[in-house]
């Protein structure tokens, strides 16, 4: 589980301040942290299909946010892909 301190650190790193929680970069970074956290859960619980459905929703939400960032700010998009180790 992503702790409160980890969330605050992600928000400051990608949003610039603690109050900027709604920017696309912050949302993508937080979703990525939650997705990576859940992947470890599925190693120990392979039959947890309800949580897998939630994971798929998070992946879809992140994909649509990345698509939005790509269309509006290509430099930020490239920076996010590099920083978060997405799309190798």
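Each value in this text was obtained by applying a stated rule to the coordinates, not by laboratory testing. Values in this document were obtained by computation on a predicted structure and should not be read as measured data. Quick reminder, even Gly has a Cβ in these numbers, built from the backbone with ideal geometry, and neighbours come from all protein chains shown.
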Query - Using alpha-carbon coordinates, inclination of helix 74-83 to the longest axis of the chain, degrees - result: 50 degrees
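Please report the relative contact order for the stretch 4-83, taking Cα pairs under 8 Å with a sequence separation of at least 6, and give it as a percent rounded to a whole number. All intermediate terms of the calculation are to be shown ahead of the outcome.
Details: 46 pairs, mean separation 19.2, N = 80.
After rounding, I find 24 percent.
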Query raised in the report: Can you give the Rg to Rh ratio of the stretch 1-47, both from alpha-carbon atoms, with Rh computed by the Kirkwood formula?
Result: 1.09
Report task. Report, to the nearest 10°, how far helix 4-15 tilts away from the longest principal axis of the Cα atoms in the chain, using its own Cα long axis and a range of 0 to 90°. Result -> 40 degrees
Report summary line: For the chain, longest principal axis from Cα atoms; helix 49-72 axis from its Cα atoms; angle between them, nearest 10 degrees, is 20 degrees
Report task. Name the residue, out of 44, 32, 72, whose mean-square fluctuation peaks in a Gaussian network model built on the chain with Cα pairs under 10 Å. Result -> 44
Query - Backbone N within the stretch 30-71 under 15 Å of label point (7 Å from residue 86 Cα along the Cβ vector) - result: 30-37, 56-71
Requested in this report: Would you list the P(r) distribution for the stretch 43-88, with all Cα-Cα distances sorted into 10 Å bins from 0 and each bin expressed as a whole %?
Outcome: 24, 39, 26, 11
Report task. Give, to the nearest whole percent, the P(r) tail of the chain beyond 18 angstrom, counting all Cα pairs. Result -> 47 percent
